[in-house]
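Inspection log for the structure reproduced underneath, given as structure tokens.
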Amino acid sequence: MVSVKALVLLAAGAAAMFEGGSAVRELAAGSFDRVVERSSQPTFVKFYAPWCGHCQSLAPEYERAAERTRGVARFYAVNCDEESNRGLCARFGVQGFPTLKAFGEK
């Protein structure tokens with residue numbers, strides 16, 4: 001029998017981890033180079049899987065960091081469970097979740 005907690009976690013994982021009003025922006029493979037690698041600000045990217053408990057636990061702190069550094073640094077998240085993002089996650093050597101990467105000023 002499936003527990004209610006498991007169902008809630010699965011349902012939460014089905015949606016994007018960071019929604020519309022968030023200081024953290026969801027990013028897709030197609031826009032990664034344009035957005036992150038060409039940024040003039042320090043940029044942090046969280047590579048995650050929506051079902052990952054550690055990713056869910058980190059989300060509020062990651063959001064808080066993004067809010068506190070708004071205008072100074074940028075925070076993004078990439079869902080590695082999405083088929084279209086798997087190549088990007090492999091490109092950056094993501095082998096576990098969450099994986100955090102920092103990209104410096106150019």
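The values are calculated or read from the model by the stated rules, or taken from the named source; none is laboratory data. Bear in mind that the values here come from a model prediction, so they are computed numbers and not experimental data. Don't worry about glycine lacking a Cβ; one is built from the backbone with ideal geometry, like all the others, and counts go over all protein chains shown. When the accessible area is computed, the model is the full protein with side chains, heavy atoms only, and any ligands, DNA or RNA have been set aside. Shrake-Rupley method; radii C 1.70, N 1.55, O 1.52, S 1.80 Å.
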Fill in the blank from the handout: At the level of C-alpha centres, the distance separating region 15-40 and region 80-106, in angstrom, is 12 Å
Practice task
Express in Å², to the nearest 10, the accessible area of SER57 obtained by rolling a 1.4 Å probe over the protein heavy atoms while all chains stay in place.
Solution key: 90 Å²
Practice task
Using 0.36 nm per residue of separation minus the Cα-Cα distance, give me the extension gain between SER40 and GLU61 in nm, one decimal.
Solution key: 5.2 nm
Problem - Note, ³J(HN,Hα) from phi for region 57-66, Karplus 6.51, -1.76, 1.60, rounded to Hz, x at Gly and Pro - result: 5, 6, 3, x, 6, 5, 4, 4, 4, 4
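Tell me the net charge near GLY93. Cut-off is 14 Å between Cβ atoms, GLY93 excluded, with +1 for each Lys or Arg and -1 for each Asp or Glu. Please list the in-between numbers first.
Values: positive: ARG86, ARG91, LYS101; negative: none.
Net charge around GLY93: +3.
Among the GluC sites (Glu not before Pro) within region 31-106, which fall in a DSSP loop and have no more than 15 other Cβ atoms within 10 Å of their own Cβ?
Numbers: sites: GLU37, GLU61, GLU63, GLU67, GLU82, GLU83, GLU105; in loops: GLU82, GLU105.
Filter output for region 31-106: GLU105.
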Completion exercise
For ARG74, the residues 5 or more places away or on another chain with a placed amide H closer than 5 Å to its own amide H are THR43, PHE44
Practice task
Sticking with the crude label model, points 7 Å out along Cα→Cβ, report the distance from ARG86 to SER31 in nm, one decimal please.
Solution key: 2.3 nm
